[in-house]
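The values are calculated or read from the model by the stated rules, or taken from the named source; none is laboratory data. A quick note: this is a predicted structure, and the numbers were derived from the prediction, not measured. Neighbour counts are summed over all protein chains in view; Cβ atoms, including those assigned to glycine, are modelled from backbone coordinates with ideal geometry. Ligands, DNA and RNA are stripped out before the accessible areas are found, and what is left, the full protein with its side chains, is counted by its heavy atoms. Shrake-Rupley method; radii C 1.70, N 1.55, O 1.52, S 1.80 Å.
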Amino acid sequence: MRPIILFVVVVVSLLGWPSAAARRAARDGRADAGLQAWARQRDFYVGAAVAMQPFKDERAYQETLKREFNVCVAENAFKFDSVHPAKDRYNFAETDALVAFTQANGMKLRGHTLVWHKQLPAWLTQGSYSRAEAVSLLKDHITTLVKRYQGKIWAWDVVNEAVAEDEAGLRKNSFWYQKIGPDYLKLAFQFAHEADPNALLYYNDFSAEDTGRKSKDVYNLVRELKRQGVPLHGVGWQMHVDGDFKIKPAHRDNARRLAELGLEISITELDVRMPLPLTPTAATRQAAVYRDVADFCLRQPNCKALVLWGFTDKHSWIPQVFPGAGDALIFDADYRPKPAYATLQQSLQAAGTSAPKVTSAALNGEHLTVRGDNFGPGAQVLINWKRQRTESDKQSPAALLVRKVATLINPGRQVTLQVQNADGKLSPEYNFTLQ
Ligand code: XIL
């Protein structure tokens, strides 16, 4: 063996990567098996924020993105000051490049963000605009972006961080709030929906994931928007957390109450900051946090995506904003997978392996029979994310029966069915129109 080959073998085996799982995936013909290969088994989305400088300059950056993820989001390129630097000028160079990259690689793209109080250009914040002019600027900005990328943006973070952190209700220190008043949210969602009726429209915020004061304000806001018929489909939980973070019953309660409003959730900006320098013990603790968050999202029927705020410690916003902390992501600064990569992979793999799958659903009078594969003992049927009392069908052990379904769903209505096993494993969604 020539020394260089020996070196590669030693490094790869020290890192434990490719893991046994990835080797198996490769044997199965998925030579490029990254995190996304496991996510796809369950129609799940795992992704990362993209910084445009390394995207252009570093070969490993794009290669890692393609191999590992099936959804991206721009870290800054879609923000107002970047994409709309002068009143009559848009700068689409970077947004176009990212849209082309995701389209070419079969990835989804989240659009972040249309309306925020930060990263606004001076021409906007220092101009003297009337309310009507501000509404028209809001409409122009949203319509231009959403129409340009119609069908190519999976979900838009239409409004970011509109809820105040230090007082109840909406944030007042926002250009949009000051110029337009609280209605700017409703208007923003309406403009976005008119421009692309098929895009998922999200409200995105931090400290929105549990049931504390701010999460409650976020919940009240989205409940009110839904009540008013505003086109809103999901809530993004940013989740910039530290190594002490743990999923608590409050996170499940919050996800459930949002599901009851008909809202999906996504974890949109996960990173797990640690004191620098990162010790091996701390790296293991960090890995446990990644696993905990991933397991939570994968078992929560309305949690659709897990997006990290970057992927390599070489490019992360954390060290600038939290001095003394960093190394918050799953690859180190040399693009080598950290323990957190392995736990994330295991979590996605476990969720996909022998997960139940719905293959058919049929209505017999008042009863719905759901058939499929890998239904475990105690499996439950979820209809539009709501758990139903189910029984095993005596005629056919692989089928589940939901009684009195007519009282749950109106005929002609499209419903989404999933089956969840007692161990939390969830089937992909199965769409069914009741006749
Ligand atoms: C951050 C970026 O990561 C930085 O590069 C930029 O300088 C400031 O914004 N919440 C959000 C993101 O919604 O847009 C922020 O991104 C991080 C916090």
Exercise. Going by Cβ distance under 4.7 Å, what cysteines of the chain have no possible disulfide partner?
Worked result: Cys72
For this session: Please work out the Cα center distance from region 91-167 to region 352-404, rounded to the nearest Å.
Result: 41
For this session: For an R0 of 35 angstrom, estimate the FRET efficiency from the Cβ-Cβ distance between Asp81 and Lys216 and round to the nearest 0.05.
Result: 0.65
Seminar exercise, completed: With +1 at each Lys and Arg Cβ and -1 at each Asp and Glu Cβ, the charge dipole magnitude of the chain around its Cα centre, to the nearest 20 debye, comes out at 1000
Exercise. Net charge near Glu161, counting Lys/Arg +1 and Asp/Glu -1 over other residues with Cβ under 10 Å of its Cβ?
Worked result: -1
Exercise. Roughly speaking, to the nearest percent, how much of the chain's 1.4 Å accessible area is carbon and sulfur?
Worked result: 51
For this session: Only bridges with both residues in the chain count here: give the DSSP antiparallel percent, nearest 5.
Result: 45
Seminar exercise, completed: Taking the chain and counting helices only, DSSP H stretches of n ≥ 4 at -39,500 (n - 2.57) each over all residues, the nearest-500 ellipticity at 222 nm comes to -11000 deg cm²/dmol
For this session: Using the Cα centre as the reference, give the magnitude of the dipole from point charges on the C-beta atoms of region 163-258 (Lys, Arg: +1; Asp, Glu: -1; all else neutral), rounded to the nearest 20 debye.
Result: 340
For this session: Give me the number: length gained by fully extending Arg413 to Lys248, i.e. 0.36 nm times residue separation minus the C-alpha to C-alpha distance, one decimal in nm.
Result: 55.9 nm
Seminar exercise, completed: For region 20-154, dividing by residue count, accessible area per residue (probe 1.4 Å) in Å² works out to 43
Seminar exercise, completed: With the 1.4 Å probe rolled over protein heavy atoms, region 318-435 has an accessible area per residue in Å² of 48
Exercise. Pairs Lys118/Lys214; Lys118/Lys226; Lys56/Lys314; Lys87/Lys226; Lys87/Lys214; Lys79/Lys179: which are spaced more than 22 Å apart, C-alpha to C-alpha?
Worked result: Lys118/Lys226; Lys87/Lys226; Lys87/Lys214
Seminar exercise, completed: Probe 1.4 Å, heavy atoms of protein chains only: per residue, the accessible area of region 166-229 in Å² is 45
Seminar exercise, completed: Surrounding charge for Glu391, neighbours by C-beta under 15 angstrom, Lys/Arg +1, Asp/Glu -1, total +4
Exercise. Between Ala333 and Ser396, what length comes free when the chain is fully extended (0.36 nm per residue of separation minus the Cα-Cα distance, one decimal in nm)?
Worked result: 17.3 nm
Exercise. If Lys and Arg each add +1 and Asp and Glu each add -1, what is the summed charge of the other residues whose beta carbon sits under 13 Å from the beta carbon of Val135?
Worked result: +1
Problem set entry | Whichever aspartates and glutamates have a C-alpha closer than 16 Å to that of Lys152, once near sequence neighbours (fewer than 8 apart) are set aside | Glu94, Asp96, Glu194, Asp196
For this session: Please find the FRET efficiency linking Arg59 to Gln320, where r is the Cβ-Cβ separation and R0 is fixed at 22 Å, and quote it to the nearest 0.05.
Result: 0.30
Exercise. If you take the square roots of the eigenvalues of the alpha-carbon gyration tensor of region 94-189 and sort them as a ≥ b ≥ c, do you get rounded (a/c under 1.5), prolate (a/b over b/c) or oblate?
Worked result: prolate
For this session: Please give, to one decimal in nm, the separation of the simple spin-label points placed at His367 and Arg223, each 7 Å out from Cα toward the Cβ.
Result: 3.7
For this session: Sort Tyr219, Tyr61 by accessible area with a 1.4 Å probe, largest first.
Result: Tyr219, Tyr61
For this session: Could you check the simple spin-label distance between Leu434 and Lys172, using points 7 Å along Cα→Cβ, in nm with one decimal?
Result: 4.8
Exercise. Can you give me the relative contact order of the chain as a percent, contacts being Cα pairs under 8 Å and 6 or more apart?
Worked result: 12
Exercise. What is the gain in length, in nm to one decimal, between Lys386 and Thr279 on full extension, counting 0.36 nm per residue of separation less the C-alpha to C-alpha distance?
Worked result: 34.2 nm
Exercise. Hey, any idea what the orientation-averaged projected area of the convex hull of the chain's Cα atoms comes to, in nm²?
Worked result: 23.4
For this session: Assuming a ≥ b ≥ c are the square roots of the Cα gyration tensor eigenvalues, decide whether region 170-235 counts as rounded (a/c under 1.5), prolate (otherwise, with a/b larger than b/c) or oblate.
Result: oblate
Seminar exercise, completed: Ignoring ligands and nucleic acids, Leu98 exposes an accessible area, probe 1.4 Å, in Å² to the nearest 10, of 0
Seminar exercise, completed: Place a point 7 Å from the Cα of Tyr129 in the direction of its beta carbon; the residues of region 67-95 whose amide N falls under 11 Å from it are 87-88
